[in-house]
Amino acid sequence: LRLDQVDPGFDAHGTIAVALTLPTARYESYDKVRAFYDDLIERIRQVPGVESVAATTRLPLTEIGWTGEMVSAGRAPADNILEVGHVQVTPDYFRTMRVRLVKGRAFTELDRDPARPVVVINEALAREYFRGQDPIGQAVAFDRTRSPVQPWRTVVGVVANEHQTRLSATPQVEVFHPFAESGARATKIVIRARGTSPMQLAAPVRRLVATLDPALAIASIEPLTAIRLRSLARERF
């Protein structure tokens with residue numbers, strides 16, 4: 001009962017998640033992948049009853065994203081963090097999930113310039129790595145040592161911690177990247193409903209996906225409340 005009262009860092013109520021994986025055979029380039037998801041998100045946004053919609057490569061309370069090391073400009077290569085989690089999200093992700101913005105700003109549609117890459121970090125990373133310093137404006141790279149393959153990325157925002165795996169686990173350090181630079185084929189679309197049961201949006205979403213690609217299968221559509229409940233299955237048992 002106490003565990004059920006833990007704040008997961010997001011608001012699951014009124015929200016559904018749609019899991020999609022684009023086949024490489026038909027979406028061989030990152031440009032095609034991004035174009036599909038951009039089009040789908042814009043169409044879903046226009047469905048009556050939709051408050052907001054976003055895409056992410058990882059849902060909270062399910063898994064840790066891909067991980068790697070991080071180094072900050074002006075620090076010795078040895079002063080880095082192991083296993084920083086990485087997630088790619090579209091600009092409306094934090095608003096759709098109601099993840100609290102602590103400092104700075106969230107992503108915008110203008111954050112697509114590869115010459116000026118930006119990231120948003122969670123509170124856990126801000127506390128553990130920057131140790132009381134203001135992380136906004138700091139330059140970070142994701143490797144043991146910075147190389148031309150890993151450019152400096154500017155921290156533009158800090159958001160509240162989401163529980164990545166389960167409510168009983170301490171939130172891990174995490175970095176969010178603009179979805180536009182990822183090209184991830186396996187993606188979750190999160191949709192927040194306005195004044196209606198979120199599962200009522202499942203049928204129009206299925207029709208939109210079929211309109212864009214009749215051969216594309218939707219892996220799952222379920223409320224985020226079900227995902228939260230499933231994360232507590234072992235403790236309930």
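The values are calculated or read from the model by the stated rules, or taken from the named source; none is laboratory data. A quick note: this is a predicted structure, and the numbers were derived from the prediction, not measured. Cβ: placed from backbone, ideal geometry, glycine included. Neighbour counts: every protein chain shown. To get the accessible areas, we keep the full protein, side chains included, count just its heavy atoms, and leave off ligands, DNA and RNA. Shrake-Rupley method; radii C 1.70, N 1.55, O 1.52, S 1.80 Å.
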Next item on the list: Could you run through the range 21-44 and say how many residues are within 21 Å of A106 (Cα to Cα) and assigned to a loop (DSSP other than H, G, I, E, B)?
Entry: 0
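Take the residues in the range 125-156 that are of a type in the set (G, A, S) and buried (at least 20 other Cβ atoms within 10 Å of the Cβ), then tell me which one is nearest to L59 (Cα to Cα).
Step one: of the range 125-156, the residues of a type in the set (G, A, S) are 126, 132, 137, 139, 141, 147.
In the following step, the residues that additionally are buried (at least 20 other Cβ atoms within 10 Å of the Cβ) were identified as 126, 141.
Working: A126: 21, A141: 24 Å.
Applying the filter and picking the extreme gives A126.
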Check: Do you know which residues across the range 147-172 are at pLDDT 90 or above, more than 21 Å from L1 (Cα to Cα) and out of contact with any Asp or Glu (no Cβ under 9 Å at 6 or more places or on another chain)?
Finding: W152, R153, T154, V155, G157
Next item on the list: Spot the failing condition for V120; the list is (1) touching a residue at least 24 places away in the same chain (Cβ under 8 Å); (2) out of contact with any Lys or Arg (no Cβ under 7 Å at 6 or more places or on another chain); (3) open to solvent by 30 Å² or more (accessible area, probe 1.4 Å); (4) under 15 Å from F176 (Cα atoms), and only one is missed.
Entry: (3)
Notebook entry, point to check: Do we have R75 as over 30 Å from P214 (Cα atoms) and open to solvent by 70 Å² or more (accessible area, probe 1.4 Å) here?
Noted result: no
Next item on the list: Check the range 51-62 and report whether any residue there is open to solvent by 50 Å² or more (accessible area, probe 1.4 Å), under 17 Å from the mean Cα position of the chain (by Cα) and touching a residue at least 12 places away in the same chain (Cβ under 8 Å).
Entry: yes
Next item on the list: Answer yes or no as to whether A180 is surrounded by fewer than 16 Cβ atoms within 10 Å (Cβ to Cβ), of a type in the set (G, A, S) and assigned to a helix (DSSP H, G or I).
Entry: no
Item checked: Test: V175 is open to solvent by less than 20 Å² (accessible area, probe 1.4 Å) and either more than 20 Å from G68 (Cα to Cα) or out of contact with any Pro (no Cβ under 6 Å at 6 or more places or on another chain) (or both) -> yes
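Every residue, every condition in (1) assigned to a helix (DSSP H, G or I); (2) surrounded by fewer than 16 Cβ atoms within 10 Å (Cβ to Cβ); (3) polar (S, T, N, Q), yes or no:
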| site | (1), (2), (3) |
| --- | --- |
| M199 | yes, yes, no |
| V205 | yes, no, no |
| A210 | yes, yes, no |
| A215 | no, yes, no |
| I221 | no, no, no |
| R228 | yes, no, no |
Next item on the list: Return the residue satisfying two criteria in turn: it lies in the range 45-69 and is aliphatic (A, V, I, L, M) and not in a strand (DSSP E or B), and of such residues it is farthest from R192 (Cα to Cα).
Entry: I64
Checklist line | Single unsatisfied condition, F107 versus (1) over 20 Å from I64 (Cα atoms); (2) surrounded by fewer than 16 Cβ atoms within 10 Å (Cβ to Cβ) | finding: (2)
Notebook entry, point to check: When both residues are 6+ apart or on different chains and their Cβ atoms are under 8 Å apart, which pairs have a first residue that lies in the range 80-91 and is under 12 Å from T56 (Cβ atoms) and among the hydroxyl-bearing types (S, T, Y), and a second that is part of a loop (DSSP other than H, G, I, E, B) and at pLDDT 90 or above?
Noted result: T90/F107
Next item on the list: Test M70 against the criterion of being touching a Phe, Trp or Tyr at 6+ places or on another chain (Cβ under 8 Å), more than 16 Å from V173 (Cα to Cα) and open to solvent by less than 50 Å² (accessible area, probe 1.4 Å), and give yes or no.
Entry: no
Margin query: For the range 204-237, give me each residue that is more than 23 Å from the chain's Cα centre (by Cα) and over 28 Å from A25 (Cβ atoms).
Written below: A233, R234, E235, R236, F237
Next item on the list: Determine whether the range 150-157 contains at least one residue that is more than 15 Å from V47 (Cβ to Cβ), free of Cβ contacts under 8 Å to residues at least 40 places away in the same chain and of a type in the set (K, R).
Entry: yes
